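Undergrad: Below: one structure in structure tokens.
The values are calculated or read from the model by the stated rules, or taken from the named source; none is laboratory data. Since we're looking at a predicted model, the values are computed, not measured. Ideal geometry is used to build each Cβ from the backbone, glycine not excepted, and the neighbour counts take in all protein chains shown. These accessible areas exclude ligands, DNA and RNA; they are computed on the full protein's heavy atoms, side chains included. Shrake-Rupley method; radii C 1.70, N 1.55, O 1.52, S 1.80 Å.
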Amino acid sequence: MIRRRFGTFRGLVRLALSYPQLALGRSGSRHPNPAAVQRLVFVCQGNICRSAFADVSARKAGMRSASFGLSTTTGRPAHHPAIVAAHGLGYDLSAHRAVDLADYSPQEGDLLLAMEVRQLHRLAADPRLAAMPRQLLGYWTRPMIPHLHDPYGLDDQYMALCLARIEGAIDALINAFPGARLS
């Protein structure tokens, strides 16, 4: 059950820790002005599973979006199991290519949406990004699941569940940030 719902025991522990971090203001979030958000920017470690899928899902929903990884190689294709799981949800990740943090160009109106608290802390520590609004993508899932554990290398059931959770968060973002909709 833990592997299917949380990826690993570590994923469950990080999820449990993320709730008090959010409640105590220790998550590294910097809340946006909803009217100022013009683009959703999804962030994870490798930009080959979670943020890649979130980007494709948001674009399909008619939103301006981008994605990058905190530690990846620009140009790397999406992880094959993520491509398969995305296809099962009606999305095509086959054309996705990773973008590294160093190659990301911030724009006015960007909202950074990370998958994990520790990723928010890395974004807050980056001088280029420290002043930008940032939140956990899992804040927008229902029920709220602040920590979306990395499905890379884990079983297919967890990959599919993780991507479905991300898809649900995208639905909530559409209503929350109308300025990020494509004209």
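Undergrad: DSSP beta bridges in the chain, what fraction antiparallel, as a percent rounded to 5?
TA: Once the DSSP bridges in the chain are tallied, antiparallel ones form about 20 percent.
Undergrad: Something else about it: Based on the Cα atoms of segment 54-133, what semi-axes does the equivalent ellipsoid have, where each is the square root of 5 times one gyration tensor eigenvalue, given in whole Å with the largest first?
TA: 24, 14, 12
Undergrad: What's the percent breakdown of Cα-Cα distances in segment 1-67 across 10 Å bins, shortest bin first?
TA: Pair shares across the bins are 18, 31, 41, 10, 0.
Undergrad: Sketch the reach of a paramagnetic label on Arg10 as a point 7 Å from Cα along Cα-to-Cβ, and name the residues of segment 113-129 whose backbone nitrogen lies under 20 Å away.
TA: 114-123
Undergrad: Dipole of the chain (Lys/Arg Cβ +1, Asp/Glu Cβ -1, origin at the Cα centre): which of Gly46, Thr73, Ile2 lies farthest to the positive side?
TA: Ile2
Undergrad: Here is a further query. Rounded to the nearest 20 Debye, what is the dipole magnitude of the chain about its Cα centre when Lys and Arg each give +1 and Asp and Glu each give -1 at the C-beta?
TA: 340 debye
Undergrad: A further question on this structure: Do you know the relative contact order of segment 84-148, to the nearest whole percent, from alpha carbon pairs under 8 angstrom that are 6+ apart?
TA: Averaging sequence separation for qualifying contacts and normalising by length gives 28 percent for segment 84-148.
Undergrad: Over 17 Å, how big is the tail of the calculated P(r) for segment 106-183, in percent of all Cα pairs?
TA: It works out to 52 percent of all Cα pairs.
Undergrad: Counting only protein heavy atoms, what percent of the accessible surface of the chain is carbon or sulfur at a 1.4 Å probe?
TA: Here carbon and sulfur together make up 55 percent of the probe-accessible area.
Undergrad: Still on this model: Two decimals, Cα atoms only, Kirkwood Rh: what is Rg/Rh over the chain?
TA: Ratio of gyration radius to Kirkwood radius for the chain: 0.93.
Undergrad: May I ask for the distance between the Cα centers of segment 69-117 and segment 125-183, given as a whole number of Å?
TA: Spelled out, the Cα-based centre of one part sits 12 Å from the other.
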